[in-house]
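Read the structure below first, then the notes.
Quick note: the coordinates plus some simple rules give every number you see, no bench work behind them. Keep in mind that this is a model prediction, so the values were computed, not measured. As a convention, Cβ positions derive from the backbone with ideal geometry for all residues, glycine included, and neighbour counts pool all protein chains shown.
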Amino acid sequence: MTPADQRWIPARRCRGVLAGLALVLLGGCAAPPPPPPLPHSAYVWQRQWDDALRAALRDSRADFAGLRVLALQRDARGNWIETAPDLAALRADGRALVLVARLDGSAPDWPGVELAARLNALLQRWHEAGLAAAVEIDHDCASARLAGYAQQLTALRRQLPAQTRLSITALPAWTAASDLPALLAAVDESVLQVHAVASPAAGLFDAAQALRWSQAWAQRSRKPFLLALPAYGARLKLAADGAVEAVESEQSLPRRSVGERELKVDPAAVAGLLRQLQTQRPAQLAGVIWFRLPRAGDRRAWSLPTLQAVIHAQPLRPRLRLQQQAQADGAIDLVLDNEGSLDAPLPRYWRVQGDCPAGDAASGYVFERDGAGAVFRLADADDLRAGGRRPLGWLRCRGGAPVLTQSD
């Protein structure tokens with residue numbers, strides 16, 4: 001080896017060491033990978049189990065990791081109501097389950113002994129059906145009574161089967177309470193509800209406020225918590241002076257009222273909150289729970305395609321399509337489909353271009369003629385649900401298929 005070769009050896013080694021060091025430094029400066037997506041679950045709050053609800057379970061298998069099923073209620077007067085979930089359907093579904101007991105916060109007492117007995121009977125019934133479930137207590141306790149609530153939950157936990165996980169729904173108003181640490185110490189997790197917690201007249205949901213509430217809760221909670229988000233609307237029943245007399249949502253209320261007001265939650269606003277949570281995730285936030293599982297016929301819940309689009313960060317838009325279906329007798333059936341992910345406002349008019357001497361309308365439309373020809377007119381403003389279908393009517397035409405144009 002020549003002296004020149006010997007001189008190059010240390011230089012080559014030094015360059016190799018420096019290159020490796022540079023890679024280490026660059027790796028240390030790289031941005032950390034984003035956190036994995038938050039898991040999603042859904043509340044099954046329907047009291048009647050039917051084919052539509054079973055279909056909703058089937059169609060949402062890829063969207064929700066778990067289900068929280070309303071099984072027991074106690075109203076303000078102390079009356080108990082047990083729902084009748086389809087345990088065979090839940091077993092076939094196979095997702096993680098939480099049995100929910102809803103206790104009205106305005107009841108004057110805490111039914112500790114009877115609550116434990118009823119929960120144990122339900123858990124046993126579910127166990128015999130091949131189901132394992134955690135327990136959630138949904139109780140809107142006053143902030144001043146949280147210390148007593150913590151003691152009641154501690155006593156309840158001792159009466160449940162060993163290893164049964166216990167969670168509670170929580171209100172943002174509890175965040176500043178001095179007794180909150182004792183309450184959270186009594187349970188395995190909490191579910192922070194950020195919808196329908198203010199005056200109904202103020203609306204159901206505020207995305208910016210929900211983010212602040214979740215961040216504040218994370219400062220107080222040392223245990224995992226979930227965020228309960230809305231996928232529904234409500235109708236306010238109003239008195240003559242505008243005061244709210246009742247709120248109608250998952251159940252229709254027979255009560256008459258002087259006035260009514262519809263409250264809706266904008267899917268785009270909730271989708272925006274999910275994007276923020278993905279990049280500004282509060283400590284201990286372990287997932288999202290949706291209230292409630294959409295079911296066909298539930299007019300105040302979002303449609304399942306809307307909720308799926310929000311969960312999976314897909315575009316939110318309606319897509320209305322008119323189909324013409326020729327019949328054997330020569331008539332043409334007209335059918336509207338919403339193939340988008342948002343409810344579509346129905347057009348006020350569908351004007352017919354063609355020689356169509358006969359026709360009729362359906363589903364809220366009226367078939368009539370004016371100086372320009374035949375037209376389908378919508379009697380009252382309405383929407384077509386995402387993924388929904390509605391007949392517009394039928395026509396009998398000469399000289400080929402008609403052309404229909406929409407206008408408002």
Inset, instruction - Please report Rg over Rh for the stretch 320-407, where both radii come from the alpha carbon positions and Rh follows the Kirkwood definition. - result: 0.96
Legend entry - Ala362 long-range amide H proximity, modeled H, under 5 Å: Gly393
Legend entry - Shape metrics for the stretch 178-219, restricted to C-alpha atoms - Rg then Dmax, Å: 12.3, 34
Legend entry - Helix-only mean residue ellipticity at 222 nm for the chain, each DSSP H run of n ≥ 4 adding -39500 (n - 2.57), per residue, nearest 500: -9000 deg cm²/dmol
Inset, instruction - Provide Ile81, Ile289 in ascending order of the number of other Cβ atoms located within 10 Å of each residue's Cβ, fewest first. - result: Ile81, Ile289
Inset, instruction - Taking the Cβ of each residue in Thr279, Thr306, Thr169, Thr405 as the centre, tally the other Cβ atoms inside 10 Å and list the residues starting with the fewest. - result: Thr279, Thr405, Thr169, Thr306
Inset, instruction - Starting at the first residue of the stretch 297-306, write each ³J(HN,Hα) from the Karplus equation 6.51 cos²θ - 1.76 cosθ + 1.60 with θ = phi - 60°, in whole Hz, x for Gly and Pro. - result: x, 8, 5, 9, 9, 4, 6, 4, x, 5
Legend entry - D (Stokes-Einstein, µm²/s), Kirkwood Cα radius, the chain, 1.306 mPa s at 10 °C: 63
Inset, instruction - Place the peptides 171-180, 121-130 in order of packing, highest mean first, counting for every residue the other Cβ atoms within 10 Å and averaging per peptide. - result: 171-180, 121-130
Legend entry - For peptides 37-44, 294-301, sequence by mean Cβ density within 10 Å, most packed first: 37-44, 294-301
Inset, instruction - Sort the following peptides by mean Cβ neighbour count (other Cβ atoms within 10 Å, averaged over residues), highest first: 372-384, 261-273. - result: 261-273, 372-384
Inset, instruction - Evaluate the charge dipole of the chain about its Cα centre and quote only its size in Debye, nearest 20, assuming +1 on the Cβ of each Lys and Arg and -1 on the Cβ of each Asp and Glu. - result: 1460
